[in-house]
């Protein structure tokens, strides 16, 4: 999944996608251990996609905190 597609998703959608990918990652590791893994490159793809999602979720949390801080803090007066 491309980063542009992930950026368009909401926080809840990203959390759901992360949960699904973690489940898929677990299944891929089980397949690898049992020798039934057909596409080993899928592990790398899923791992990188998970990292992208984690990064975007962190960025969204930081943006939310900045927005909340901007709303709650009074504007600073500039001295002339």
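Just so it is clear, none of the values below were taken in a lab; they were calculated from the coordinates. Everything numeric in this text was worked out from a predicted model, so none of it was measured. A quick note on method: Cβ atoms are made from the backbone with ideal geometry, for glycine too, and the neighbour counts reach across all protein chains shown.
Report the extension gain between residue 12 and residue 30 in nm, rounded to one decimal, defined as 0.36 nm multiplied by the number of residues separating them, less their alpha carbon distance. Intermediate results must be reported in sequence, preceding the final value.
Values: separation 18, 0.36 × 18 = 6.48 nm, distance 2.75 nm.
Value of the extension gain: 3.7 nm.
Which value at 222 nm does the chain reach when only helices count, each DSSP H run of 4 or more adding -39,500 (n - 2.57), with the total divided by all residues and rounded to the nearest 500 deg cm²/dmol? If you can, show how the numbers build up before the last one.
Details: 3 runs with 61 residues, N = 80.
Value at 222 nm, helices only, nearest 500: -26500 deg cm²/dmol.
Need the full-extension length gain, residue 44 to residue 20, defined as separation in residues times 0.36 nm minus the C-alpha distance. One decimal, nm. Walk me through the intermediate numbers first.
Details: separation 24, 0.36 × 24 = 8.64 nm, distance 1.55 nm.
Extra length from residue 44 to residue 20 when fully extended: 7.1 nm.
What's the FRET efficiency of residue 64 with residue 2 using the Cβ-Cβ distance as r and R₀ = 25 Å, to the nearest 0.05?
Details: r = 24 Å, r/R0 = 0.95.
Plugging the Cβ-Cβ distance into 1/(1 + (r/R0)^6) gives 0.60.
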Margin query: P(r) for the chain, please, calculated from all Cα pair distances in 10 Å bins and given in %.
Written below: 16, 34, 22, 14, 8, 4, 2, 0
Margin query: Mean-square fluctuation check for the chain, GNM, Cα pairs under 10 Å: which of 53, 62, 15 is largest?
Written below: 62
